[in-house]
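Working notes, structure below.
What follows draws every value from the coordinates through simple rules; no lab data is involved. Quick caveat: nothing in here was measured; it's all calculated off a predicted structure. Here Cβ is always computed from backbone atoms with ideal geometry, including for glycine, and neighbour counts include all displayed protein chains.
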Amino acid sequence: MAQISDQNPENHPQEHAAPSDSTAASADVSVPGASAGIPSPLPEETEALPAHLQELTERARSYVEAASSANTRRAYASDWKHFTAWCRRQNFAPLPPDPHVVGLYITACASGTVDRGGKPASVATIERRLSSLAWNYAQRGGARLDRKDRAIATVLAGIRNKHAAPPRQKEALTPEDLIAMLETLDRKNLRGLRDRAMLLIGFAGGLRRSELTGLDLGRDQTEDGRGWIEILDKGLLVTLRGKTGWREVEIGRGSSDATCPAVALETWIRFSRIEKGPLFRRVRRQGKDVGPDRLHDQEVARLVKKAALAAGVCGDLGEADRAGKFAGHSLRAGLASSAEVEERYVQKQLGHASAEMTRKYQRRRDRFRVNLTKAAGL
């Protein structure tokens, strides 16, 4: 193993730590009953309550926040801010919910007239914003937003018919692509060691980027952790809190130390001198030391994109086209497309509730393995 250099010869973009919930709070408008950027159904005024009930109320409020992930809370706050800013410009009142106002808003989103010089929002973005509005209205009490009202439902149906398009999937990385990407990382500095471990664990575990950066070194070590990792003789056991509850992901050791996720992780832990807390953190001061802050999950997408471009993956395309093909999902899609095992094992590894969802990640699967035309006698 080469010695770790205190100097990092590369010019790296500023890495971002995962924002606290207070970051999401600043994205919300001032609305009575809003707390930490997300409205709470619990009363804000607790001074009049007995001390034991004040404590219960505060604890209940923390459970309200825990009901959704930090990413979801940021999205809810951002979408509400987007909607209310548009309402102010149009002299509309965002409260109480008015289906006609919301119908005009999603029309503006689809036509790209919400912001000056803005681009039309995709159908998926419009549907997400509509869901965010419905959630925000429900949490703020009073009347709820009726998404089945004709002023909303009919407009949304027309938007889907006119603007819906097949999803643009990110490129799936092959094992050969991943190995080439690993070769672009410097093994002599902390950032390179960390990035090797992230790429290998993200690929072999089929992890979402938030699952990867949400890992702690051990169980119950941080409040914002989404799981932890155990190093065993035969590989890594990752325990994750996902969308459907807790699940375990087994990552076996590789056939070579150079491509083994466990070896890469052990090396990163040893040289970073991390003893507890977030597993993947910012590397500060030009690679001289490791900070305490957890990496933001967007750093996974940046890492995949940068390493893929440096390795010349999809080199027959222009740089702009190549850059748009890679993201954090390229790791999950790469495992699903490359692992030559029964589909049910891939489904379990990715944490999918259905085999159909897993097939969406299998970019190079044999789509005509079952030929119903011949089976029907033609």
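Some notes on this structure:
- Computed extension length for Glu230-Ile179: 15.9 nm, one decimal, from 0.36 nm per residue of separation with the Cα-Cα distance subtracted.
- Distance between modelled label sites at Ala143 and Met357, nm, 7 Å Cα→Cβ extension: 3.5 nm
- For Thr57 and Arg273, the difference between the fully extended length at 0.36 nm per residue and the C-alpha to C-alpha distance is 73.8 nm.
- Protection proxy ranking of 121-127, 334-340, 192-198, 313-319, by the mean of other Cβ atoms within 10 Å over each peptide's residues and highest first, is 192-198, 334-340, 121-127, 313-319.
- Pairs over the 22 Å Cα-Cα cut-off, from the set Lys81/Lys325; Lys325/Lys348; Lys170/Lys360; Lys234/Lys305; Lys188/Lys325; Lys170/Lys234: Lys81/Lys325; Lys325/Lys348; Lys234/Lys305; Lys188/Lys325; Lys170/Lys234.
- The Cα center of segment 197-240 and the Cα center of segment 257-315 differ in position by 13 Å.
- Net charge over other residues, Cβ less than 11 angstrom from the Cβ of Thr267 (K, R count +1; D, E count -1): +2
- Percent RCO, i.e. relative contact order, over segment 210-278, from Cα pairs under 8 Å lying at least 6 residues apart: 28 percent
- Ellipsoid equivalent to segment 175-361 - semi-axes via the Cα gyration tensor, in Å: 23, 22, 15
- Here Ala323 and Thr222 are evaluated by their C-beta separation; at R0 = 35 Å the FRET efficiency comes out at 0.60.
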